[in-house]
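Derivation of every value follows stated rules applied to the coordinates shown; laboratory data play no part. Please read all numbers here as calculations on a predicted model, not as lab measurements. Counting neighbours? That spans all protein chains shown, and the Cβs are built from the backbone with ideal geometry, glycine included.
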Amino acid sequence: MHLFDTHCHLDVAPLYDQVNQVLQRARAVGVLDFVIPGVDQGGWQRLLKLCVDEPGLHAAPGLHPMYLDLHQPLYFDELEALAKSGQIVALGEIGLDYFVPGLDRQVQQHLFETQLSIAYKTQLPVLLHARKAHDQVLATLRRAKFPHGGIVHAFSGSYQQAKEYIKLGFGIGVGGTITYDRATKIRENCRDLPQEWLVLETDAPDIIVARHRDEECNRPEYLPEILMELATLRNEPPEKTASYTTNNARRILRLK
């Protein structure tokens, strides 16, 4: 099976320190494509080099809403130049985070809208980060009339919110949270949403899958466990789940 990890931070520790071994183990279990999202300007060049050096890695630099102190206005011009360069497949991860206390919501909104404008102009999809802010993210996308879609990373909202994202052309990122029995709402959403809009992700080294919860970090080699859980929830053969989630990722990100 050919699997696509649509959100994997291979460019950060501890994964980057052992990236060759991490990729080798992931590829051995069928994970052949990876989107590497960015979180701050300081990591963009490493991210881009990694994607140039390794087949199947796709760059998505962005300015994450949780790291406001690291971002400067001049980085918008650099991000736009990258978006025009043909080196990247999406802008990400971008969005709003109302979960972490103390993050200035007005600054987050400006950051999100500016990056969304860059993606609009350069006709790129976006990787969305949204925690406790799905209605606000959806409202922003509608106001911007954003036409290029993307993926809602680690979706944790309601079924109705997921359907609203789908109407706007966004895939729903399915990650390690579904491997926990207590995540009933997310598991039900993943069971019931249309298959045409589901994609897989690990968010490695974060959101570790249940069977590895005692380990130091999550790894892309665990993506098949997320696949198997999704296939079980949807009562379908894992080969079918693997096929459509990979095809969905390639369609949404407009990869050949």
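Points to keep in mind about this one:
- In the stretch 18-108, counting only helices (runs of 4 or more DSSP H) that sit wholly within it, the ones holding 1 or more residues that are of a type in the set (Asp, Glu), out of contact with any strand residue (DSSP E or B) (no Cβ under 7 Å at 6 or more places or on another chain) and in contact (Cβ under 8 Å) with a residue 40 or more places away in the chain span 75-84.
- Close contacts from the stretch 206-231, counting a first residue that is touching a residue at least 60 places away in the same chain (Cβ under 8 Å) and farther than 21 Å from Pro194 by Cα and a second that is buried (at least 18 other Cβ atoms within 10 Å of the Cβ) and of a type in the set (Asp, Glu), with Cβ to Cβ under 9 Å and a gap of 6+ residues or different chains, come to Pro220/Asp5.
- Out of Asn248, Asn235, sole residue that is in a loop (DSSP other than H, G, I, E, B) and polar (S, T, N, Q): Asn235
- Residue match in the stretch 111-121 (condition: more than 28 Å from Leu230 (Cα to Cα), without any contact (Cβ under 8 Å) to a residue 24 or more places away in the chain and surrounded by fewer than 19 Cβ atoms within 10 Å (Cβ to Cβ)): no
- Evaluating Tyr75 against the criteria (1) of a type in the set (Ser, Thr, Tyr); (2) surrounded by 15 or more Cβ atoms within 10 Å (Cβ to Cβ); (3) out of contact with any Leu (no Cβ under 9 Å at 6 or more places or on another chain) leaves one unmet condition, (3).
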